[in-house]
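The values are calculated or read from the model by the stated rules, or taken from the named source; none is laboratory data. Treat the numbers as computed from the prediction; the structure is a model and nothing was measured. Using ideal geometry, Cβ is built from the backbone for each residue, glycine included, and neighbour counts are taken over all protein chains shown. Just so you know, the surface numbers come from the protein's heavy atoms only, side chains and all, with ligands and any DNA or RNA stripped out. Shrake-Rupley method; radii C 1.70, N 1.55, O 1.52, S 1.80 Å.
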Amino acid sequence: MIKILAACGAGVNSSHQIKSALETELANRGYQVTCDAVMIKDVNEELLSHYDIFAQIANTDLGFDVKIPVVDAGAILYRIPSMAEPVYQNMEDAIKSLNK
């Protein structure tokens, strides 16, 4: 099981849309994933240590080096398949890089 963390400003809308889209699309591609959605202010090294991939909405300076793959997932929110496909491909590449 691959664990993904999505984070947005309020942890309510955008991150949940990305969570749903990633879980659906990656399952369709044959991956077992689970995605959690949180407020960006709650992301810290301890929290990220429990995840395999970080799906950020926007490039954010968290104040520390992120040690897991980071995928910019904000384009999913446009709901335009041609914009979302590169995000899904980047996520799939990140999953493959984990060697799990």
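Would you call T34 outside any strand (DSSP E or B), open to solvent by less than 60 Å² (accessible area, probe 1.4 Å), hydroxyl-bearing (S, T, Y) and out of contact with any Leu (no Cβ under 9 Å at 6 or more places or on another chain)? Judged against the criteria, T34 is not a match. Is at least one residue of the range 68-77 crowded, with 17+ Cβ neighbours inside 10 Å, part of a helix (DSSP H, G or I) and out of contact with any helix residue (DSSP H, G or I) (no Cβ under 9 Å at 6 or more places or on another chain)? No, that holds for no residue. Take G74 and tell me if it is in contact (Cβ under 8 Å) with a residue 40 or more places away in the chain and of a type in the set (G, A, S). Yes.
Summed over the range 39-55, the residues that are assigned to a strand (DSSP E or B) and at pLDDT below 95 give a count of 1.
Matching residues to (1) over 13 Å from I2 (Cα atoms); (2) free of Cβ contacts under 8 Å to residues at least 12 places away in the same chain:
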| site | (1), (2) |
| --- | --- |
| E23 | no, no |
| H50 | no, no |
| V66 | yes, no |
| S82 | yes, yes |
| P86 | yes, yes |
| K100 | no, no |
